[in-house]
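Everything below concerns the one structure shown next.
The values are calculated or read from the model by the stated rules, or taken from the named source; none is laboratory data. Predicted model, so just to flag it, every value in this text is computed and none were measured. So basically every Cβ, Gly included, is an ideal-geometry build from the backbone, and we count neighbours across all protein chains shown.
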Amino acid sequence: MILINGIPAPKELITIFSMVKGATLEHPVKTVDLKRATGLSERMIRDGINNLRFTYSVPIGSIRHATNAGYYFIRSETDLIACIAPIRAQAREELNVVNKLKDNLKEWRF
C-alpha cells in the first residue's frame, strides 16, 4: 500500500492526492477531472479532500472563482490566504445569522 505523509492510503486517495499535488492556485484541478480519474461522486471527492486535510495533514486549498474553481496544493502564505479568506468571511456571516436568530427568538412576541 502507498503511504501519504507516512499513513497507508487507498487507491482513490492516492489519485486525488497526486492530482492536487500537481495543481497550483493559478491552475487548480477541477472536481470534474478528479471524478473522471477516480470514478467517485462529487460528494465522495469532497470527503476525500477533507480526509486528506484532516487525517493525512495535506495542505489542500480550494478556490471558488467561476472561471477558475478547483483544488490546489498550498505552497506559500499567499496560497493559504487565498483559501482561508473566503472561508473566514463565510464563517463570520454564518455566526451573524446564528446570533440574529438567537436575538430574534428573545425579542419575538408570541
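To keep it simple, each residue is scored yes or no on (1) polar (S, T, N, Q); (2) in a loop (DSSP other than H, G, I, E, B).
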| position | (1), (2) |
| --- | --- |
| VAL32 | no, no |
| LYS35 | no, no |
| LEU40 | no, yes |
| ARG43 | no, no |
| ASP47 | no, no |
| ASN51 | yes, no |
| GLY70 | no, no |
| ARG75 | no, yes |
| ASP79 | no, no |
Picking from ALA91, ALA85, the residue that is surrounded by 11 or more Cβ atoms within 10 Å (Cβ to Cβ) and at pLDDT 95 or above would be ALA91
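Listed here are the residues, each with its yes/no results for (1) under 12 Å from the mean Cα position of the chain (by Cα); (2) among the β-branched types (Val, Ile, Thr); (3) loosely packed, with under 10 Cβ neighbours inside 10 Å.
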{"residue": "ARG46", "(1), (2), (3)": "yes, no, no"}
{"residue": "ILE60", "(1), (2), (3)": "yes, yes, no"}
{"residue": "ALA66", "(1), (2), (3)": "no, no, yes"}
{"residue": "TYR72", "(1), (2), (3)": "yes, no, no"}
Which pairs do you get when a residue that is in contact (Cβ under 8 Å) with a residue 60 or more places away in the chain, found in region 78-107, comes within reach of a residue that is exposed (fewer than 10 other Cβ atoms within 10 Å of the Cβ), reach meaning Cβ atoms under 8 angstrom, with the pair 6+ apart or on two chains? none
Which of the numbered conditions does GLU42 fail, given that it passes all the others? Conditions: (1) touching a Ser or Thr at 6+ places or on another chain (Cβ under 7 Å); (2) surrounded by 12 or more Cβ atoms within 10 Å (Cβ to Cβ). (2)
Restricting the search to region 21-30, which residues are closer than 19 Å to SER76 by Cβ and either more than 15 Å from the chain's Cα centre (by Cα) or outside any helix (DSSP H, G or I) (or both)? GLY22, ALA23, THR24, LEU25, GLU26, HIS27, PRO28, VAL29
Given the options ILE49, ILE81, ILE63, ILE87, name the one that is farther than 23 Å from ILE7 by Cα, aliphatic (A, V, I, L, M) and touching a helix residue (DSSP H, G or I) at 6+ places or on another chain (Cβ under 8 Å). ILE63
